[in-house]
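Taking it in order: structure first as structure tokens, then the write-up.
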Amino acid sequence: MSLFGFLAAGLIKFRGSHNSAVARRLEPEMCKVPKTKLLRLSPPTSNGPAVHQETHTDDSEILSCTVKALKDGHIVAVPTDTIYGLACLAQNTEAVKKIYGVKERNGQKPLAICVGEIQDIYQYCKVKVKEELLRDLLPGPVTLVFERSEELNTNLNPFTSLVGVRIPDHAFMRHLCQMCGEPLALTSANISSQTSTVEVYEFQELWSKLAVVVDGGPIGDETRQGSTVIDLSVLGKYRVIRPGCAPSATLDMLEHKYGMSEDSGEE
């Protein structure tokens, strides 16, 4: 072999081994970037297994990241005042379809909406109760069901004229809704028919399908019953759809302060 050929072969061999070394160094770095962003609102106090998380001390950064994911049409996991939830923009039809797929949820089961302020309810619902009643119950662990307005996405629960609305008693969730400027579709963070979750590690099997998982730490509602769901679409009447975690206080308020009676369904 000529001197030139020998040098060329050596150079090729060096480049190949150098590129392989670079690739080996880059590969771990690439693996460190998870597809799902795991963001912690506060130091975890859970006794569950340790999970890799991106730690943020500034909650506004977490809010911005979560808002962007929602605006991009993705599904996120969020803490509420009752259980962990999955959320997407209610006005985004493709995102609504996606959230049903993530949960493996029956398409005939409705999704509730979540808003940040009492006045937002009037934009998406036809309210037949006093505003004082809304302020007595919300924010809180209650979902109120009203007739939907024309402003709400017609592809959200198209099989019913009603919609449940929530304002969780949770600062992050309220700020999230306010920053989005539109309602979130909200449902529990679990595979349909499985147990509701009160810590993020309990729904790890869903993480790969989510853009952001916001870890707010363990949620205090160990009953895992979710919000109390009350239908207030009939004037002067109420109907319990789901007792949830706060039935006694809610019904006491409706009956004794506002003189409402249970809707028996009879004319």
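The values are calculated or read from the model by the stated rules, or taken from the named source; none is laboratory data. Values in this document were obtained by computation on a predicted structure and should not be read as measured data. Cβ: placed from backbone, ideal geometry, glycine included. Neighbour counts: every protein chain shown.
Structure data summary
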{"quantity": "Residue match in the range 171-186 (condition: in contact with a Ser or Thr (Cβ under 7 Å, 6 or more places away or on another chain), farther than 22 Å from A95 by Cβ and of a type outside the set (S, T, N, Q))", "calculated": "no"}
{"quantity": "Single residue of V229, V198, V240 found to be β-branched (V, I, T) and over 17 Å from P168 (Cβ atoms)", "calculated": "V240"}
{"quantity": "For L206: the one exception among (1) assigned to a helix (DSSP H, G or I); (2) in contact with a Gly (Cβ under 9 Å, 6 or more places away or on another chain); (3) within 19 Å of N106 (Cα to Cα)", "calculated": "(2)"}
{"quantity": "Hits in the range 209-241 (condition: buried (at least 16 other Cβ atoms within 10 Å of the Cβ), in contact (Cβ under 8 Å) with a residue 60 or more places away in the chain and assigned to a strand (DSSP E or B))", "calculated": "V212, V213, V214, D215, T228, V229, I230, D231"}
{"quantity": "Subset of the range 115-139 [closer than 25 Å to A77 by Cβ and in contact with a Ser or Thr (Cβ under 8 Å, 6 or more places away or on another chain)]", "calculated": "Y124"}
{"quantity": "Odd one out for G181, checked against (1) within 19 Å of the chain's Cα centre (by Cα); (2) at pLDDT 95 or above; (3) within 23 Å of Y84 (Cβ to Cβ)", "calculated": "(3)"}
{"quantity": "Residues that are of a type in the set (F, W, Y) and either surrounded by 21 or more Cβ atoms within 10 Å (Cβ to Cβ) or part of a loop (DSSP other than H, G, I, E, B) (or both), drawn from the range 102-148", "calculated": "Y124, F146"}
{"quantity": "Residues located in the range 149-172, provided they are in contact (Cβ under 8 Å) with a residue 60 or more places away in the chain, in a loop (DSSP other than H, G, I, E, B) and within 21 Å of I241 (Cα to Cα)", "calculated": "L156, P168, D169"}
